[in-house]
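The values are calculated or read from the model by the stated rules, or taken from the named source; none is laboratory data. Remember, it's a predicted structure, so these values are computed and weren't measured experimentally. Cβ sites come from the backbone with ideal geometry, for glycine too, and all protein chains shown count toward neighbours. With ligands, DNA and RNA removed, areas are computed over all heavy atoms of the protein, side chains included. Shrake-Rupley method; radii C 1.70, N 1.55, O 1.52, S 1.80 Å.
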Amino acid sequence: MGLLFVESLPGPKVFRCKYCRVHSASPDAILSKDFRGRHGRAYLFDSVVNVSLGPNEDRYLMTGLHTVNDIYCSSCQQLLGWRYEKAYNEDQKYKEGKYILEKNMMLKEGW
């Protein structure tokens with residue numbers, strides 16, 4: 001296995017993977033806190049770091065059919081949420097390329 005490069009985010013407030021504490025996202029990248037994940041509340045982010053993408057998969061979510069990729073922590077491989085690849089409903093297109101991180105998979109640092 002190769003060398004793992006981990007990106008660190010600037011600033012005192014950072015979301016971290018709950019399992020290995022690697023940086024995952026900045027609160028500045030939050031687009032909405034009004035989302036639901038598999039296990040409760042979730043946040044919609046414009047960008048995340050230190051994640052790897054799973055394969056494309058069509059899923060029926062609360063807002064209709066979407067093509068998504070599960071996202072995993074690049075350090076510990078824990079499932080953290082998903083990325084919206086494609087939205088089939090016109091009013092859901094704003095989610096394309098955005099990320100869902102489940103709140104119970106994250107630690108807040110510096111809050």
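For the stretch 63-83, give me the residue count where each residue is over 22 Å from Met106 (Cα atoms), assigned to a strand (DSSP E or B) and either modelled with pLDDT under 95 or not aliphatic (A, V, I, L, M) (or both). Can you show your working first?
At the first step, the residues of the stretch 63-83 found to be over 22 Å from Met106 (Cα atoms) are 63-67.
Next, only the ones that are assigned to a strand (DSSP E or B) stay: 64-67.
Checking which are either modelled with pLDDT under 95 or not aliphatic (A, V, I, L, M) (or both) leaves us with 64, 66-67.
The number of residues fulfilling the criteria is 3.
Does the stretch 51-62 include one or more residues that are within 28 Å of Pro12 (Cβ to Cβ), touching a strand residue (DSSP E or B) at 6+ places or on another chain (Cβ under 6 Å), in a strand (DSSP E or B) and not charged (D, E, K, R)? Walk me through it before giving the result.
Quick first cut of the stretch 51-62, residues within 28 Å of Pro12 (Cβ to Cβ) only: 51-52.
Keeping just the survivors that are touching a strand residue (DSSP E or B) at 6+ places or on another chain (Cβ under 6 Å) gives 51-52.
Narrowing further to those that are in a strand (DSSP E or B): 51-52.
Filter once more, so that each one left must be not charged (D, E, K, R): 51-52.
Taking every residue of the stretch 51-62 in turn, at least one turns out to be within 28 Å of Pro12 (Cβ to Cβ), touching a strand residue (DSSP E or B) at 6+ places or on another chain (Cβ under 6 Å), in a strand (DSSP E or B) and not charged (D, E, K, R).
Answer with yes or no whether Tyr94 is open to solvent by 50 Å² or more (accessible area, probe 1.4 Å), part of a helix (DSSP H, G or I), modelled with pLDDT of 95 or more and in contact with a Leu (Cβ under 9 Å, 6 or more places away or on another chain).
Here the answer is yes, as Tyr94 does meet what is asked.
Run Asn104 past the list (1) touching a Ser or Thr at 6+ places or on another chain (Cβ under 6 Å); (2) in a helix (DSSP H, G or I) and report the number of the one that doesn't hold.
Of everything listed in (1) touching a Ser or Thr at 6+ places or on another chain (Cβ under 6 Å); (2) in a helix (DSSP H, G or I), Asn104 misses just condition (1).
For residues that are part of a strand (DSSP E or B) and either under 13 Å from the mean Cα position of the chain (by Cα) or in contact (Cβ under 8 Å) with a residue 24 or more places away in the chain (or both), tally how many sit in the stretch 10-45.
Here the count works out to 20.
Quick one: which residue in Lys33, Lys86 is touching a Lys or Arg at 6+ places or on another chain (Cβ under 8 Å), over 15 Å from Leu107 (Cβ atoms) and open to solvent by 80 Å² or more (accessible area, probe 1.4 Å)?
Lys33
Exactly one condition in (1) in contact with a helix residue (DSSP H, G or I) (Cβ under 7 Å, 6 or more places away or on another chain); (2) surrounded by 15 or more Cβ atoms within 10 Å (Cβ to Cβ) is not met by Arg41; state its number.
With respect to (1) in contact with a helix residue (DSSP H, G or I) (Cβ under 7 Å, 6 or more places away or on another chain); (2) surrounded by 15 or more Cβ atoms within 10 Å (Cβ to Cβ), Arg41 is out only on (2).
Please specify each residue of the stretch 50-75 satisfying the condition of being open to solvent by less than 20 Å² (accessible area, probe 1.4 Å) and hydrophobic (A, V, I, L, M, F, W, C).
Scanning the stretch 50-75 gives Val68, Ile71, Cys73.
Could you tell me how many of the residues in the stretch 9-30 are open to solvent by less than 90 Å² (accessible area, probe 1.4 Å) and hydroxyl-bearing (Ser, Thr, Tyr)?
2
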